Amino acid sequence: MLTLFDQLNPQQKAAVEHQNGPALVVAGPGSGKTRVLTHRVAYLIHTKNIPQQNILAVTFTNKAAGEIKERVGHLLDTFSGKLSWSGTFHSISSRILRRDGKHLGIPNDFVIYDTYDQRALVKTIIKDFGIDSKKIRPKAVLYAISGAKTELVTPLEYSGYAKGYFQRTAAKIYHEYQKRLRKNKALDFDDLLMETVRLFVEHPQVLAKYQNFFQHVLVDEYQDTNKAQYSITKLLAKKHRNLYVVGDMAQAIYSFRGADYRNILNFQSDYKDAQVYNLEENYRSTQNILDAAKHVINNNSSHIPLDLHTQNGQGEKLTVYTAYNEKAEADFVVDKILDAVSEGASYKDIAVLYRTNAQSRNLEEAFIKSSIPYKIIGGFRFYARKEIKDAISYLRVLYNPKDAVSWERIINTPTRGIGKVTLGKIKDSGWDLELIEEKSKLPWQKWIAAAAQGATTLELLDLVLEKSGYLEWLDDGSEENKERLENLRELRSVAGLFEDLGEFLENVSLIESADRPDAHSLDAVTLMTIHASKGLEFPLIFMVGMEEGLFPHSQSIGEVAELEEERRLCYVAITRAKEKVFMTNTKSRVYFGSVQANQPSRFIGEIDEGLLVFEGSSGTRRFLRKQSSVGEFLDELDYDRGDFNWV
C-alpha cells in the first residue's frame, strides 16, 4: 500500500492524506480524480482505522460506485472490497428509507416507479380530472413535478407558487400524483431524495443515528449535485464535519437535469475552515490542448481557476477547418479519419462530438458511404429515432396508401382515440381511406392527392407534421422532446434535397439498409453529443459545427448563465482529447431545412491563435484577425458581457 501511495503526485498525496474536517478537491480533467477518491477511502481504512461501514462514499453512477469498491480492494490486500455504504444518491436514499421510512408512513416494501409507470399514472389523473390532454402533456407535467422535487418543493408549496393555467393545473396533478403514489405504496426516483431530506428534517433522532454512524462522507462529482443531494450530504456530515467532496466547476454541464454548480462554488462559504486541494497535473492531454481549454474557460466569471499542466509534451496545435458547407465538413472528417487509420490509428481511437443529436445525420451518411464503422453513444442512429421513423411513415402512406406497416405505426400517433377494436376494423377494411378519415378526423385523401400532383417532399413533410398534430404533440417543453423536434427539423434538411417524394424515400431506404460494418465491434469511430462524452477520452477528437447558433447553442445566446454552461461544454469537449483536436465550421449550412450562414463560434476566438492551425477556407481566420482582442471578437457577435456575480 505504501508503494502505491508513493506513486501519487504531491497534490494527490496531500489530498489523500487530508486530516479531519471539510475538504474540497478541485480535480481538473485527466488529473486522477478517481485515484484520489479510492486512495482516500483506503487511507481512512488502513491508516486511520476507520471501519469501512462508517464510510459513506456517494457517486452518480453504479459503475463509479463499483469501480471505487474494486480499486479499494486492490489497494488493501486484507480488505474484502466490500464498502457497505458506497453507491449512488438514489441507492443510498432507498436503503435509508427502507430502514426508517416508517417514520414518514413509508412502508419498507415500497416499489419504485420508473418513467413508464410515472407517465401512466399522470395520464390516468389527467383523464380522471377531465383535463384536455392536448393542452396539458403528461411529460411536461412530470418535468415540472421533477423540477419541484429537486428543489424540495412540496405540492402545497408548489400550489402557492403556481401562476398561469399550466402551473396551476400541474399543481393539482402534483398533489393527486403524490396521493396516488402513497396509496400504491410507491415512490418515484425524485421521492427517494426528497423523502430522505424530509425524514432527516422532521425526525432529528433518525438523522442523529446516521450522523453518528457516518464518520466520513465522500462525494464524487460534487458540481453535479442538485439541492436535494446537497441537503442530504450537508445534513449527514453536520456532526463529524468530515465532508470530502471532489469535483470541477469547469465541468458542470448538467443544469438541465437540476444540477446546481453553485454548490461547489459555495463550498468554502458553507465551510469556512475547508481545506482546498487543486489537482492540476493532467495525465491525459498535451499542453497545447490544455492551454486551449484554459483560454476558453477563463472567459467564465463563475469559475474556480486551475493551472492545468502535463508532462506529455507540447503536442500538435489544434486544427480549425472551415468548409463551404456541411457536406464538405463531413468529407473532411472522413478524410482525416482515413488518414489517421492509414498511419496506424484504430477507429476506436477517434470520437466525433457535436452539440445536438440532430447533427449526427450528415456524418452518419458520410461514414456509411465511406464504409467507416461507427457507433453512437447515448442515442440511436438518426433514421432509427422514433420521431424520424414516425415522420417517414407519414410520408410513406402518402406515397403508397397500401403500406400497412406504416399505417399501423402512425394511425394513432399522436393519440386520436383509435383503440384496438377500431384498429381491427380499419385493418379488416384493407386500410380503406374513407374509414381512416372517419376515425382519424384527418384529410388523408387530400394529402395523398397533393403527393400525386407533385407537391415537394418538404411541402408534404411540413403539411403532415403540422396538420396531424404531431409537432404540437411533441412541443411539451420537456428536454427529451425539444431534442426530438430538433431531429425533425434536421429531417427537413434532407427533405429539401429531394423534391420528388419517391426519390427521398428511396434514399432513406438505401441508408437504412446499407451494409454497414458492425456498429458494436470494438474498432469503431464513436459519435456522441458533448454531454455524453464527459468522463471519456480519445487520442483524436473532432468538434463539428463550431458556429454561433450551433455551439454555443442558439437558446443560450443572450443568457449569461446558459452561455457560461456552453463554455464549460466546450472545455469538456477539448479535454476529451489526448493528442489531437479538430474543430470544424462551415460558411453555409443547411440546418433544420434552411440555409444558414453562421459566424464561427466565439469559443474559437477565445483560443490564442498561436495554438491553432487553420485549414480549408480562410473565412474563420480572416474573421478572427479583424479583431485585435477577444473582447472585440465578442463585441462583433453582439455578446452582452455584463457583470455576473452570484449573491
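The values are calculated or read from the model by the stated rules, or taken from the named source; none is laboratory data. Everything quoted here is computed from the prediction, not taken from an experiment. Ideal geometry is used to build each Cβ from the backbone, glycine not excepted, and the neighbour counts take in all protein chains shown. All accessible areas refer to the heavy atoms of the entire protein, side chains included, with ligands and DNA or RNA removed. Shrake-Rupley method; radii C 1.70, N 1.55, O 1.52, S 1.80 Å.
Taking Lys and Arg as +1 and Asp and Glu as -1, the other residues whose beta-carbon sits under 11 Å from that of Thr586 total 0. Charge tally for His295 (other residues, Cβ to Cβ under 9 Å; Lys, Arg +1; Asp, Glu -1): -2. Rounded if a/c is under 1.5, else prolate if a/b is larger than b/c, else oblate: which is segment 24-153, with a ≥ b ≥ c the root eigenvalues of its Cα gyration tensor? Prolate.
By DSSP, the beta bridges lying fully in the chain are antiparallel in about 5 percent of cases. With the cut-off at 1.5 for a/c, could you classify the chain from its C-alpha gyration tensor as rounded, prolate or oblate? It comes out oblate by the Cα gyration axes. All other residues with a Cβ under 11 Å from the Cβ of Tyr324 taken together, and with Lys, Arg as +1 and Asp, Glu as -1, what is their net charge? Once positives and negatives cancel, what remains is 0. Rolling a 1.4 Å probe over the heavy atoms of the protein chains gives the chain an accessible area of 44 Å² per residue.
Cα centroids of segment 19-56 and segment 386-423: 55 Å apart. Among the trypsin sites (Lys or Arg not before Pro) in segment 240-320, those located in a DSSP loop and surrounded by at most 10 other Cβ atoms within 10 Å of their own Cβ are Lys272.
The share of accessible area on segment 36-86 that comes from carbon and sulfur is 48 percent, using a 1.4 angstrom probe. From the alpha carbon centroid of segment 570-616 to that of segment 282-338 is 9 Å.
Once the chain from Glu480 to Arg182 is taken as fully extended at 0.36 nm per residue, the excess over their C-alpha distance is 104.5 nm. Among the chymotrypsin sites (Phe, Trp or Tyr not before Pro) within segment 107-204, those in coil by DSSP and having at most 14 neighbouring Cβ atoms inside 10 Å are Phe129. Computed on segment 350-461, with alpha-carbon pairs under 8 angstrom and 6+ residues apart, the relative contact order is 20 percent.
Computed extension gain for Leu536 through His240, at 0.36 nm per residue and net of the alpha carbon distance, reaches 103.1 nm. Phi angles of segment 373-383 translate, via the Karplus equation with coefficients 6.51, -1.76, 1.60 and θ = phi - 60°, into HN-Hα couplings of x, 8, 9, 9, 9, x, x, 9, 4, 3, 7 Hz per residue; Gly and Pro are given as x. What value, in deg cm²/dmol to 500, does the helix sum -39500 (n - 2.57) over DSSP H runs of n ≥ 4 give at 222 nm once divided by the residues of the chain? Taking each H run of at least 4 residues, the total per residue is -14500 deg cm²/dmol. Give the shape of segment 431-497 as rounded, prolate or oblate, defined through the alpha-carbon gyration tensor: a ≥ b ≥ c are the square roots of its eigenvalues, a/c under 1.5 means rounded, and otherwise the shape is prolate if a/b is larger than b/c and oblate if not. Oblate, since a/c reaches 1.5 and b/c is not below a/b.
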